[in-house]
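Read through the structure below, which is laid out as structure tokens, and then see the notes.
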Amino acid sequence: MIPRHIAIIMDGNGRWATKRFLPRVAGHVKGVESVRRIVEACASRGVEYLTVFAFSSENWRRPVEEVSFLMGLFLSALEKEVAKMHANGIRLKIVGDLSRFDDKLQKMIAHAERRTESNHKLTLTICANYGGRWDILQAMSKLISQNPGQNEFTEEQLAPHLSLAYAPDPDLFIRTGGEERISNYLLWQLAYTELYFTETYWPDFDSAALDAAIASYQNRERRFGRTSEQVTAQKKIS
């Protein structure tokens, strides 16, 4: 079965560049090409949702020059890619605390989302200035403000206020670049997600690498708290 929703931490751009004696920013440019390639691969394989971690709330700690370049690259990618995504039936969503971005970038994000909102082939979500803890806190703040005086809440009440409320929780999480942690990414949503880590740097991650990750996912038994016997019995019924 193809995972309905894949979430990716696109790690290793800087190390890819350093290994080739190139400036770190060269890795980020190459990384944009990988995003385009993987979006196409996911769409052709029937993946419905692809969520990528482009810029975390912690990434502001990086050198000023690199952060400035990343913002410019984000803006450039929006300018160049949105028309292509729209033509190919891709819906674009940008989630995170967008208030820290300049007005031009915020307007471009809003325009891109409006232009592609009716597309259904694949929903591409880009997490920008995003953190999993921030997501839970902002959802809780909204929930409390809408229910003054209430002291107890359920998961079902909180879930609609999370940034990815429009998407099912990820089935498969992929992190490239060799690190094996989730780094404050989709903390709520990854509760039952299958995790896959690869040494491959993001600029080198291609359709074959994606297929390897999907094959690993397909070989796992997803129990969601049940026993193997219960899972097997449910498969026979369905």
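Key figures for this structure:
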{"read-out": "Positions within the stretch 158-169 being in a helix (DSSP H, G or I) and either loosely packed, with under 15 Cβ neighbours inside 10 Å or under 19 Å from the mean Cα position of the chain (by Cα) (or both), in sequence order", "value": "Ala159, Pro160, His161"}
{"read-out": "Residues being open to solvent by 40 Å² or more (accessible area, probe 1.4 Å) and aliphatic (A, V, I, L, M) - total across the stretch 72-93", "value": "2"}
{"read-out": "Residue check for Leu124: part of a loop (DSSP other than H, G, I, E, B), under 21 Å from Ala7 (Cα atoms), open to solvent by less than 40 Å² (accessible area, probe 1.4 Å) and touching a residue at least 40 places away in the same chain (Cβ under 8 Å)", "value": "no"}
{"read-out": "Any hit, the stretch 18-35, residues being in a loop (DSSP other than H, G, I, E, B) and open to solvent by less than 70 Å² (accessible area, probe 1.4 Å)", "value": "no"}
{"read-out": "All positions within the stretch 129-141 that are in a helix (DSSP H, G or I) and surrounded by 14 or more Cβ atoms within 10 Å (Cβ to Cβ)", "value": "Gly132, Trp134, Asp135, Ile136, Gln138, Ala139, Met140"}
{"read-out": "Odd one out for Leu172, checked against (1) open to solvent by 70 Å² or more (accessible area, probe 1.4 Å); (2) under 26 Å from Gly31 (Cα atoms)", "value": "(1)"}
{"read-out": "Scan of the stretch 107-143 for residues that are at pLDDT 95 or above and of a type in the set (S, T, N, Q), ordered by number", "value": "Thr116, Ser118, Asn119, Thr123, Thr125, Gln138, Ser141"}
{"read-out": "Selection within the stretch 59-106 - part of a loop (DSSP other than H, G, I, E, B), charged (D, E, K, R) and modelled with pLDDT under 80", "value": "Arg62"}
{"read-out": "Qualifying residue in the stretch 145-152 (condition: surrounded by fewer than 15 Cβ atoms within 10 Å (Cβ to Cβ) and part of a helix (DSSP H, G or I))", "value": "yes"}
{"read-out": "Residues of the stretch 188-220 classified as part of a loop (DSSP other than H, G, I, E, B), exposed (fewer than 15 other Cβ atoms within 10 Å of the Cβ) and touching a residue at least 24 places away in the same chain (Cβ under 8 Å), total", "value": "3"}
{"read-out": "Ser68 being farther than 29 Å from Gln218 by Cβ, in contact with a strand residue (DSSP E or B) (Cβ under 7 Å, 6 or more places away or on another chain) and open to solvent by 40 Å² or more (accessible area, probe 1.4 Å)", "value": "no"}
{"read-out": "Those residues of the stretch 18-33 which are more than 10 Å from Tyr201 (Cα to Cα) and of a type outside the set (D, E, K, R), in sequence order", "value": "Thr18, Phe21, Leu22, Pro23, Val25, Ala26, His28, Val29, Val32"}
{"read-out": "All positions within the stretch 39-58 that are part of a helix (DSSP H, G or I) and either touching a strand residue (DSSP E or B) at 6+ places or on another chain (Cβ under 8 Å) or of a type in the set (A, V, I, L, M, F, W, C) (or both)", "value": "Val39, Ala41, Cys42, Ala43, Ser57"}
{"read-out": "Failed item in (1) open to solvent by 30 Å² or more (accessible area, probe 1.4 Å); (2) more than 16 Å from the chain's Cα centre (by Cα), with Gly178 passing the rest", "value": "(1)"}
{"read-out": "All positions within the stretch 36-65 that are exposed (fewer than 14 other Cβ atoms within 10 Å of the Cβ) and aliphatic (A, V, I, L, M)", "value": "Val64"}
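The values are calculated or read from the model by the stated rules, or taken from the named source; none is laboratory data. The model shown is predicted, which means the values in this text are computed figures rather than measured ones. Because the Cβ atoms are built from the backbone with ideal geometry, glycine has one as well, and the counts that use them run over all protein chains shown. Surface accessibility is based on the protein's heavy atoms, side chains included, excluding ligands, DNA and RNA. Shrake-Rupley method; radii C 1.70, N 1.55, O 1.52, S 1.80 Å.
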